[in-house]
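Trainee: Let me give you the structure first, and then I'll get to my questions.
The values are calculated or read from the model by the stated rules, or taken from the named source; none is laboratory data. Quantities reported herein were computed from a predicted structural model and do not represent experimental measurements. Counting neighbours? That spans all protein chains shown, and the Cβs are built from the backbone with ideal geometry, glycine included. Note: accessible area is taken over every heavy atom of the protein model, side chains too, but ligands, DNA and RNA are not part of it. Shrake-Rupley method; radii C 1.70, N 1.55, O 1.52, S 1.80 Å.
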Amino acid sequence: MMSFTIIIAIFTRPSQFGGHKIYFYTMSKYEIPRRLSFIIQYLKDRETATKEELLQFLEEKDCQVSERTFERDLSKIRTDFGLEISYQKGTNSYYIDHENSMHVASFFRFIEFVTLADVFTDGLKDSRDIFGYVHFDDSNQLKGLDNLVVILRGIKEGRQLSFTHYNYYNDTHKAYTITPLIIKEYLNRWYVIGVPEGMDEIRSFGIDRMEQTKLTGLSKIKTKDFEDQLAQFDNIIGLNYSRKNQEEIVLKVNNNHLKYLESLPLHSSQQVVPDTEEGFSRVSYHLIPNYELDIQIFKMSLEVEVVAPQWYREHIKNAIEQIYKKYK
């Protein structure tokens, strides 16, 4: 079994909410059988695989099973995780049906957490020296993880949440009472998305900046009234939500850097086609441009060029000119 202690996951299944309905799971020890994890990971990596290939892979992982048990495993993956494993008769192969599955990207992020926790738990059992050869990104300033349990309770029970939030930019503390709707991870930090009391717009709050967090009375807010706003998170990078329309953003990318984008797409809408210039490709996104997209483009620096739309190309150009002026 793979286990991960005190973890929160958000899963979605097809419904009226932006194509998905939100489900929440929280437990002190969430377990996923290794065999199911191997099947899921193999299909994710290979995209398609025959039954024989999957059974052979399981045997190599010391998880040999009968064909009947294999079929039961596929059924369990569908019912327990909302991940639809479909069969294609033409190629006699299985594949992950993204359209009819839960929010696949979130699920694989969850699998990543669980797998890493399992690896490190086994490593610690064998030797305390594991941290001598496994180096984590420096995130020791992250605080407030204990808030996740309280927030999740508030969401599940339909209750309001009160807390004091620290604003980095203004260097101020402000008291809030919100109706929490979802939690979201971005760049190794956790945020609660909710509706502040007296408002009709969702807001995001970093849980590491929340203090004196506690649940209060039942909320009169109905989640379904904010489904359209919440669905906008599927159309952006990060957290900078807005009511603007989606646009097609086209980048010209050096093919050497393209490999990084293909292995870790900036957004689920990413599409790649060859460019007319040798050594480059066109990468397009259908999303709402925001600050986080700007930052991703700046991070790629000389490797990319904004091609369209023209207004966004000018926006990035002007920002680069402002940066240049600082170094003159």
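Trainee: Exactly one of (1) open to solvent by 80 Å² or more (accessible area, probe 1.4 Å); (2) part of a loop (DSSP other than H, G, I, E, B); (3) in contact (Cβ under 8 Å) with a residue 40 or more places away in the chain is unmet by Gly144. Its number?
Mentor: Going through the list (1) open to solvent by 80 Å² or more (accessible area, probe 1.4 Å); (2) part of a loop (DSSP other than H, G, I, E, B); (3) in contact (Cβ under 8 Å) with a residue 40 or more places away in the chain, Gly144 breaks only (1).
Trainee: Every residue in the stretch 45-68 that is among the hydrophobic types (A, V, I, L, M, F, W, C), in contact (Cβ under 8 Å) with a residue 24 or more places away in the chain and closer than 25 Å to Glu262 by Cβ, please.
Mentor: Once the filter is applied, which keeps residues that are among the hydrophobic types (A, V, I, L, M, F, W, C), in contact (Cβ under 8 Å) with a residue 24 or more places away in the chain and closer than 25 Å to Glu262 by Cβ, the stretch 45-68 yields Ala49, Leu54.
Trainee: How about the stretch 283-296: which of its residues are open to solvent by less than 70 Å² (accessible area, probe 1.4 Å) and either part of a strand (DSSP E or B) or under 10 Å from Val250 (Cα atoms) (or both)?
Mentor: Val283, Ser284, Tyr285, Leu287
Trainee: Can you pull out the residues in the stretch 262-282 that are in contact with a Lys or Arg (Cβ under 6 Å, 6 or more places away or on another chain) and exposed (fewer than 15 other Cβ atoms within 10 Å of the Cβ)?
Mentor: Val273
Trainee: Out of all the residues in the stretch 297-315, which are open to solvent by less than 70 Å² (accessible area, probe 1.4 Å) and not in a helix (DSSP H, G or I)?
Mentor: Val304, Val306, Val307, Ala308, Pro309
Trainee: Against the conditions (1) more than 23 Å from Ser263 (Cβ to Cβ); (2) open to solvent by less than 30 Å² (accessible area, probe 1.4 Å), where does Gln88 fall short? Just the number, please.
Mentor: (2)
Trainee: Moving on to the next point. Can you name every one of the strands (runs of 3 or more DSSP E) wholly within the stretch 154-261 that holds 1 or more residues which are open to solvent by less than 90 Å² (accessible area, probe 1.4 Å) and farther than 30 Å from Glu303 by Cα?
Mentor: 159-167, 172-186, 189-196, 203-206, 210-218
Trainee: Give all pairs with beta carbons closer than 8 Å in which a residue from the stretch 74-93 that is assigned to a strand (DSSP E or B) meets a residue that is surrounded by fewer than 12 Cβ atoms within 10 Å (Cβ to Cβ) and not hydroxyl-bearing (Ser, Thr, Tyr); count only pairs at least 6 apart in sequence or on separate chains.
Mentor: Close Cβ pairs satisfying both conditions: none exist.
Trainee: Looking at the stretch 35-63, which of its residues are within 22 Å of Ala105 (Cβ to Cβ) and assigned to a helix (DSSP H, G or I)?
Mentor: Matches in the stretch 35-63: Leu36, Ser37, Phe38, Ile39, Ile40, Gln41, Tyr42, Leu43, Lys44, Asp45, Arg46.
Table: residues versus (1) surrounded by 13 or more Cβ atoms within 10 Å (Cβ to Cβ); (2) at pLDDT below 85.
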{"position": "Leu54", "(1), (2)": "yes, no"}
{"position": "Glu60", "(1), (2)": "no, no"}
{"position": "Phe107", "(1), (2)": "yes, yes"}
{"position": "Ile111", "(1), (2)": "yes, yes"}
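Trainee: Oh, and also: Go through (1) part of a helix (DSSP H, G or I); (2) at pLDDT below 85; (3) touching a helix residue (DSSP H, G or I) at 6+ places or on another chain (Cβ under 7 Å) and name the single condition Thr26 misses.
Mentor: (1)
Trainee: Would you call Glu277 under 30 Å from Lys184 (Cα atoms) and either in contact with a His (Cβ under 6 Å, 6 or more places away or on another chain) or assigned to a loop (DSSP other than H, G, I, E, B) (or both)?
Mentor: Considered against the rule, which asks whether it is under 30 Å from Lys184 (Cα atoms) and either in contact with a His (Cβ under 6 Å, 6 or more places away or on another chain) or assigned to a loop (DSSP other than H, G, I, E, B) (or both), Glu277 comes out as no.
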